[in-house]
1. Once you have a ≥ b ≥ c as the square roots of the Cα gyration tensor eigenvalues for the stretch B:2-145, tell me rounded if a/c is under 1.5, and otherwise prolate or oblate according to whether a/b is larger than b/c.
2. In Å², and per residue, what accessible area does chain A have when probed at 1.4 Å with the other protein chains present?
3. Taking 0.36 nm per residue of sequence separation and subtracting the Cα-Cα distance, how much length would be gained by fully extending the chain between B:Phe273 and B:Ala181, in nm to one decimal?
4. Can you give the relative contact order of the stretch B:9-91 as a percent, counting alpha carbon pairs under 8 Å and 6+ residues apart?
5. Relative to the compact globular guide of 2.2 N^0.38 Å, what is the alpha carbon radius of gyration of the stretch A:139-204, as a ratio?
6. Under a 5 Å amide H to amide H cut-off, with H placed in plane at 1.01 Å, what residues pair with A:Val139 once short-range neighbours are removed?
7. Using the charge dipole of the protein assembly as shown (Lys, Arg: +1 at Cβ; Asp, Glu: -1 at Cβ; taken about the Cα centre), state which of B:Phe218, A:Gln338, A:Ile265 has its Cα farthest towards the positive end.
8. Give the relative contact order (percent, whole number) for chain A; include only Cα pairs under 8 Å separated by 6+ residues.
Amino acid sequence: MPEPSDTPDDIAVLIRESAVSHVAAEDTVGRARRLREIDGHLDQEAFIAWSRLGWTAMLGPAERGGGLGLSEAVALHEELGKGLAGGPLIHGAHVPMLAAGACTGAAASRVVASIAEGTPYALAFQPSGGALESHATAVRLQEGGSVLRLQGAAHYVPSHGGHLLVAARGPAGLVLYHVDARAPGLRRTTARAADGSHVSSLVFDDVRVADDDLVGRTGEAERALDAALDRGRIIQSALLLGVMRATLARTLDYLKTRKQFGKTIGAFQVLQHRAVDLYVQVELTAAALTHAIALADTAQDPVLLAGAASSAKVRASEAALLVTREAIQMHGAIAYTQEHDIGLFLNQALTQAAALGNAAAHRRRYGLIVARQIAA
Amino acid sequence: MSEIDALPYDAMDEASFRAMLRDFVEAECPAEIRHQPRRMRRAEVEPWTRKLADKGWICPGWPAQFGGMGLSVGKLMAFQEEFDRLGVPRAPDMGVVMLGPLLMRFGSDAQRARYLPPITRAEEVWCQGYSEPNAGSDLAALRTEARDAGDHYVVNGQKTWTTLAQDADFIFLLVRTDKAAKKQEGISFLLVDLKTPGITRRPIRTLSDEEEFCEVFFDDVAVPKENLVGAPNQGWTMAKALLGFERIFLGSPKQSQGALNRLEALARGTGAFGDTGFLDRYAQLNLDVAHLAQLYARFADQVKRGEPLGADVSILKIFATATYQRITELTVEAAGEQGALLGPAAYGNESVDPLAMFYLARPATIYGGSSEIQRGIVAKAVLGLPDG
Ligand SMILES: Cc1cc2nc3c(=O)[nH]c(=O)nc-3n(C[C@H](O)[C@H](O)[C@H](O)COP(=O)(O)OP(=O)(O)OC[C@H]3O[C@@H](n4cnc5c(N)ncnc54)[C@H](O)[C@@H]3O)c2cc1C
């Protein structure tokens, strides 16, 4: 980890460098291939490695090895995205860490410490696709005498091992509980995402929780969760930026080497123009991201943060899908094979574009925010 | 199938002809293999193709004298439309669609007698060996070589992207027979039994997770001289001459219509029609498909009147494949988080697999002449723009 005396910009540079060497040393693209082809189950080793690098803790409290901000996380994930790594780090460490780190329940500091040490957590709050905010949760907390129970369902929960952070509606408002994924009464059905990772639907049927499991109290949980989700989306947009940068770079290499009709195909003007259009989208994403970081770092207003996150996520999702689709087209038949790496980039783009709300969901939210501002 | 039996099809009015096809498909084609969002393997469609073969319906477009149904072009279009509408799976059909017509026109009597009957009985399946690693859009750059060894040819080289070669019995090849001649002029057309020693097939898995095509390697493969179709070095001309009215099928609205139907099922299930953002995008695609179908009908009428198609038919494929892809993209988007998950999901009582649709649509703009190549053709041959 960087020394505290480093200025924030230096830290971002150092983190970027360690991400670049991580991608190279660990052959993360090869790892992404194995995840897709064999079994997308998360490997715990990766979390331990990220923990040693300080990445699982970085967005937590300073005294737990954190204290870094979005700029550093964005720098990290732009590089990890180029290597198809980082998705589980966002969903299994950053988002839960940001949520738990802003809470004061009995279990909060235990969760923070455990994430910092490399134990993955998964946030469960979505009643259905397209739900962006924690208040939508369809899990209810029921108090029966001294016993607390969770009832309801949550979908699109990343399958990150044994620990869940569950957003539940209590009698006085939203609360956040730590729940063991093997708790009696909890049923899980799992599907695989395009990148091979596992995603679960959870049904809570009288799942017992104790006061000791409370992470976020009424009053703080909702705000902590929504801020964590929106910061997570900005980081996710950085990952998508990395995916598209790497995809474009590989495509440009191909355009410069593939020959048809006695020319490198990159000499055909139509392909040149299309490549430029992709480059425009990449740079738009980068600019939208920089703006979103600045807003998020200073914004006290959750609506501003939500607007910034949606703005970045809309652009990054659309652009990443466009770049990866066009990359396939410009490669021709070879990119329609599983052997070729471009498909892995497409699958990563599909997976991250959809998780935590896709472009359509974020356009909708952004549109409503803007419409309210205009009306006011 | 004799000529006499075939005649009634042309005498039938179109409505009863369509009704006859529909009744047969509904009775004989199992529901599990209909409306499938993927290319089916030979073994999966075999029971169905047997039934078609017994009926004499494997080669609807062939003249009756060669064992076809002897349909007029109008009836053939109706046949195709009806089968598409009913979701009849496409059996491996390179022999039916490409090789048969080529042999009828350029083959010897002996070749026609040997190869055509087993195609009409669906007993021998063919694959198309044109593309090579370095000869895709620029097909004339192909290098697989057939060396003249007196009474036979010796073939060396590699073909690739050969659709369902692993299910085929034979391959028809474009091979180089004269390395000194201009690119297009040194190419010959050769028929090869895939059981010949020296041939290796390696299936390739696609993004759709299917082994849909193969690499085919030729290592000193001996091919009898009698397997050459037409004269030596005439292969390019023959292959090109065959690009007849079949080109219209590449621009058919059926893939778009099928995908739109799935998108509608999904949107009904999620209630997305109540979302004006979705409705706007859906309406545009609905219009695109409708207008595509109307444009297609215009070209189809031209074919039915017996007029040849011009280069302008390429505009169908350009728009049909782009529309098809955009529908699958909206399907993924409308599915939300589910849109990134592998496998079908239930929407109401229908099942939709957005990702499978999305993957399957990707190569439509690559095979059969990429959209870039098609645009180049239209720009020059139709709009009269100069060469770059
Ligand atoms: C699913 C599938 C099935 C297939 N089945 C068969 C089969 O059964 N038998 C067979 O022989 N082949 C088959 N093919 C191969 C197909 O014909 C080729 O993929 C196609 O010709 C394109 O060649 P390529 O893939 O090598 O791409 P390339 O020709 O290398 O093209 C790469 C990119 O460059 C563009 N490009 C190339 N030239 C130009 C130009 N002059 N101007 C502008 N842009 C250009 C292309 O449009 C494309 O975007 C199949 C392909 C696919 C995807």
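1. oblate
2. 39
3. Gain on extension, B:Phe273 to B:Ala181, equals 27.1 nm.
4. After rounding, I find 41 percent.
5. The stretch A:139-204 yields a ratio of 1.19.
6. A:Ala153, A:Arg169
7. The one lying farthest along the dipole's positive direction is A:Ile265.
8. Relative contact order comes out at 17 percent.
The values are calculated or read from the model by the stated rules, or taken from the named source; none is laboratory data. Quick caveat: nothing in here was measured; it's all calculated off a predicted structure. Neighbour counts run over all protein chains shown; Cβ positions are idealised from the backbone, glycine included. Ligands, DNA and RNA are excluded from the accessible area calculation, which covers all protein heavy atoms including side chains. Shrake-Rupley method; radii C 1.70, N 1.55, O 1.52, S 1.80 Å.
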